[in-house]
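Quick notes on the structure that follows.
The values are calculated or read from the model by the stated rules, or taken from the named source; none is laboratory data. Note that this is a predicted model, so its numbers are computed, not measured. When we count neighbours, we look across all protein chains shown, and the Cβ atoms used for this are built from the backbone with ideal geometry, even at glycine.
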């Protein structure tokens, strides 16, 4: 681990004092909540106009409604993405809630995990200096002004320590901490309004809000992210083909996270992987093993496996023994023991094709609204029949699992009275992303078959 040097050059003019938090006029204004409200009200008014204006296309009925939902969703994606922080995270959370929102909305909102425009370097400098104390030059021999990437709550810059180590510095946007109370108050109101407009129970909306707020606070705490990264690194330490970046505690705080930088090629960069000579089948074996271990064995898993967070180390052995690099542990989950138990029971009921036991588990988790049992049973009967035709839950190939996922998603959206725990949806989404990534890299590789030993051990464990 690197430590900050003892001798520090004088602070450059305009540097933030380490005795007070980094604050600027834009952050102070955002803390009032007024800019956020103005943009959200604008998006709301434009959406209302979309709904009220005369039809301009020949589309009617369901086609017209689908067009309208897509246009309204695009407006909200633009508004939430521009606001970044909690609002972009709200969009990502909403994209997960396939049991609450229509497919057109969840599909559009899923794009909010993509990169966003970065903020000015002077603001990044100010917050780093305020968080770790003293001028930037005291801790870093160099610090690149242009970020490696920018996302909803932070952007990442490459830097070099005085000891020569190359690091990646993840810096939280300066307004987030100050504006969080106002942001959460606005978002809480939005959940209430959504419940009123859709006729959903207020208590259910507030439960969703509490889940969202708790998850957001976790993602904004980089010290928690560092702990999770270290724990997952320990859990996967027996696999030398998996790499989790080393954290530098002396240069990390709740809002700044400094980790070792590894030259690497993203999993979405097919040309780059080909130049390294990486064989997708070999890489997918590592990927499946790493995620199956996290999900079925450890219960703590990296829950954001899109290509921007997964890389292959750029090293001479990549062609014969590629090493998989995980980054960004902000979105991670430790399954609650009760949910983990019920998940095991549910998979066991699925293997036995015991619909009554499966429904009983859903009842214990409060997933079925009063009066909705008959509709849910009929929908699940169709799903159980489809699985049986395929030879059973664990006999399905990856492609069949992905097809079944789409059918399950449609079932959830078309069956009133179903409400699923957010962590269960995140669990399913993570598995789905991993399987989809496998299909993209090499359709001939069966990710289900690679994950099966871990899943069978999980089901066989004692409750």
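Which of the numbered conditions does residue 115 fail, given that it passes all the others? Conditions: (1) within 16 Å of the chain's Cα centre (by Cα); (2) under 25 Å from residue 268 (Cα atoms); (3) modelled with pLDDT of 70 or more.
Only one criterion is unmet by residue 115, namely (3).
Residues are listed down the side, and each one gets a yes or a no for (1) within 19 Å of the chain's Cα centre (by Cα); (2) surrounded by 23 or more Cβ atoms within 10 Å (Cβ to Cβ); (3) touching a residue at least 40 places away in the same chain (Cβ under 8 Å):
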{"position": "268", "(1), (2), (3)": "yes, no, yes"}
{"position": "275", "(1), (2), (3)": "no, no, no"}
{"position": "282", "(1), (2), (3)": "no, no, yes"}
{"position": "295", "(1), (2), (3)": "yes, yes, yes"}
{"position": "300", "(1), (2), (3)": "yes, no, yes"}
{"position": "307", "(1), (2), (3)": "yes, no, yes"}
{"position": "310", "(1), (2), (3)": "yes, yes, yes"}
{"position": "317", "(1), (2), (3)": "no, no, no"}
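Would you mention how many residues in the range 411-420 are touching a strand residue (DSSP E or B) at 6+ places or on another chain (Cβ under 7 Å) and either in a helix (DSSP H, G or I) or assigned by TED's automatic domain parsing to the domain that holds residue 96 (or both)?
Number satisfying all stated conditions: 1.
Only one of 230, 224, 217 is modelled with pLDDT of 95 or more, surrounded by fewer than 17 Cβ atoms within 10 Å (Cβ to Cβ) and under 17 Å from the mean Cα position of the chain (by Cα); which?
Step by step, each of 230, 224, 217 is checked, and only 224 is modelled with pLDDT of 95 or more, surrounded by fewer than 17 Cβ atoms within 10 Å (Cβ to Cβ) and under 17 Å from the mean Cα position of the chain (by Cα).
Anything in the range 418-450 that is crowded, with 17+ Cβ neighbours inside 10 Å, over 16 Å from the mean Cα position of the chain (by Cα) and over 22 Å from residue 273 (Cβ atoms)? List them, or say none.
Selection gives 418, 419, 420, 448.
When you go through 86, 54, 35 one by one, which is the residue that is within 27 Å of the chain's Cα centre (by Cα) and either modelled with pLDDT under 85 or surrounded by fewer than 19 Cβ atoms within 10 Å (Cβ to Cβ) (or both)?
When all the criteria are applied, what remains is 35.
Would you say residue 423 is at pLDDT 85 or above and assigned to a helix (DSSP H, G or I)?
Criteria met by residue 423.
Return the residue satisfying two criteria in turn: it lies in the range 97-112 and is under 19 Å from residue 39 (Cβ atoms) and surrounded by 21 or more Cβ atoms within 10 Å (Cβ to Cβ), and of such residues it is modelled with the lowest pLDDT.
112
Name the residue that is surrounded by the fewest Cβ atoms within 10 Å (Cβ to Cβ), counting only residues in the range 233-246 that are in a helix (DSSP H, G or I) and more than 19 Å from the chain's Cα centre (by Cα).
234
Of everything in the range 182-197 that's without any contact (Cβ under 8 Å) to a residue 40 or more places away in the chain and surrounded by fewer than 19 Cβ atoms within 10 Å (Cβ to Cβ), which residue is nearest to the chain's Cα centre (by Cα)?
Going through the qualifying residues, I end up with 188.
If you go through the range 198-211 one residue at a time, how many are at pLDDT below 90 and either within 14 Å of residue 94 (Cβ to Cβ) or not assigned by TED's automatic domain parsing to the domain that holds residue 40 (or both)?
5
Just to be sure I understand, how many residues within the range 152-195 are out of contact with any helix residue (DSSP H, G or I) (no Cβ under 7 Å at 6 or more places or on another chain) and under 17 Å from residue 94 (Cβ atoms)?
3
Identify all residues within the range 136-154 that are in contact (Cβ under 8 Å) with a residue 40 or more places away in the chain and farther than 24 Å from residue 219 by Cβ; write none if there are none.
Within the range 136-154, 136, 137, 138, 139 meet the criteria.
Does the range 160-169 contain any residue that is in contact (Cβ under 8 Å) with a residue 40 or more places away in the chain, under 27 Å from residue 82 (Cβ atoms) and surrounded by 18 or more Cβ atoms within 10 Å (Cβ to Cβ)?
Yes, the conditions are met somewhere in the range 160-169.
Looking at (1) surrounded by fewer than 21 Cβ atoms within 10 Å (Cβ to Cβ); (2) in the same structural domain as residue 187 (by TED's automatic domain parsing), which one does residue 94 not meet, given that it meets all the others?
So residue 94 meets the others, but not (1).
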